[in-house]
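Report on the following structure.
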Amino acid sequence: MEHKKRVMIIGPQSSFSEGLKDMVDQTAGYRFVAEAESGQKGMELAREMGPDLVIMDYTLPDMSGMGVMRELKRLTPPAKILVLSATANYDHVANALRAGARGFAVKDTIGGSLVEAMDTLDQGNFFLDDAVYQEVLISMLTGSA
């Protein structure tokens with residue numbers, strides 16, 4: 001029997017998160033195991049479920065996304081974290097990576113690259129979608145980073 005990577009989603013429930021769950025379940029080698037609307041519930045479920053991959057919203061209703069990322073790395077060190085955000089803000093990307101995320105993507109564009117992002121993180125590499133990559137490069141080249 002094939003071992004499927006366990007994927008957990010943390011963020012407000014919406015049609016977007018429903019679509020993410022469907023995409024995860026339709027991707028070979030991965031299965032959706034849990035969803036939490038808040039950072040606190042996400043940490044509790046992560047401790048219980050031991051996910052291989054956490055896809056989380058940068059902005060959470062109850063606590064700092066950075067705090068959740070740091071706590072997830074403490075609770076479930078092997079779990080890879082992919083952060084989704086409404087924008088490709090350089091400071092958000094840098095802060096998320098420092099807090100333990102391995103990937104960062106813009107919500108509007110993740111649909112086309114979710115499988116690539118999950119596979120890249122699963123292989124132990126970092127993932128930045130195209131919009132984020134461009135923002136990071138521009139910020140570095142213009143000295144605003």
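This table checks each residue for (1) closer than 24 Å to Gln123 by Cα; (2) among the basic types (Lys, Arg).
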residue	(1), (2)
Pro12	no, no
Thr27	yes, no
Arg47	yes, yes
Thr59	no, no
Thr76	yes, no
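Among the residues making up region 10-27, a single one is part of a loop (DSSP other than H, G, I, E, B), in contact with a helix residue (DSSP H, G or I) (Cβ under 9 Å, 6 or more places away or on another chain) and not small (Gly, Ala, Ser): Thr27. When region 116-145 is filtered for residues that are surrounded by 14 or more Cβ atoms within 10 Å (Cβ to Cβ) and among the aliphatic types (A, V, I, L, M), the ones remaining, listed by number, are Ala117, Met118, Leu121, Leu128, Ala131, Val132, Val136, Ala145. Taking first residues from region 53-82 that are closer than 12 Å to Ala96 by Cα and partners that are of a type in the set (Ser, Thr, Tyr) and surrounded by 14 or more Cβ atoms within 10 Å (Cβ to Cβ), the Cβ contacts under 6 Å between residues at least 6 apart in sequence or on separate chains come to Tyr58/Ser85; Gly65/Tyr58. In region 22-41 there is no residue matching the filter, namely being buried (at least 18 other Cβ atoms within 10 Å of the Cβ), among the polar types (S, T, N, Q) and either at pLDDT 90 or above or closer than 17 Å to Val83 by Cβ (or both). The C-beta contact set for region 40-52 (first residue under 11 Å from Met63 (Cα atoms), second residue surrounded by fewer than 19 Cβ atoms within 10 Å (Cβ to Cβ) and acidic (Asp, Glu), distance under 7 angstrom, 6+ apart or interchain) comprises Gln40/Asp62. Condition check: more than 16 Å from Gly100 (Cα to Cα), in contact with a Phe, Trp or Tyr (Cβ under 6 Å, 6 or more places away or on another chain) and assigned to a helix (DSSP H, G or I). Does Val7 satisfy that? Spelling it out, it is not the case that Val7 is more than 16 Å from Gly100 (Cα to Cα), in contact with a Phe, Trp or Tyr (Cβ under 6 Å, 6 or more places away or on another chain) and assigned to a helix (DSSP H, G or I). Quick check: anything in region 65-83 surrounded by 18 or more Cβ atoms within 10 Å (Cβ to Cβ), under 12 Å from Ile10 (Cα atoms) and not hydrophobic (A, V, I, L, M, F, W, C)? Looking through region 65-83, at least one residue is surrounded by 18 or more Cβ atoms within 10 Å (Cβ to Cβ), under 12 Å from Ile10 (Cα atoms) and not hydrophobic (A, V, I, L, M, F, W, C). Counting only strands (runs of 3 or more DSSP E) wholly contained in region 28-145, the ones carrying 2 or more residues that are over 14 Å from the mean Cα position of the chain (by Cα) occupy 30-36.
The values are calculated or read from the model by the stated rules, or taken from the named source; none is laboratory data. Everything numeric in this text was worked out from a predicted model, so none of it was measured. A quick note on method: Cβ atoms are made from the backbone with ideal geometry, for glycine too, and the neighbour counts reach across all protein chains shown.
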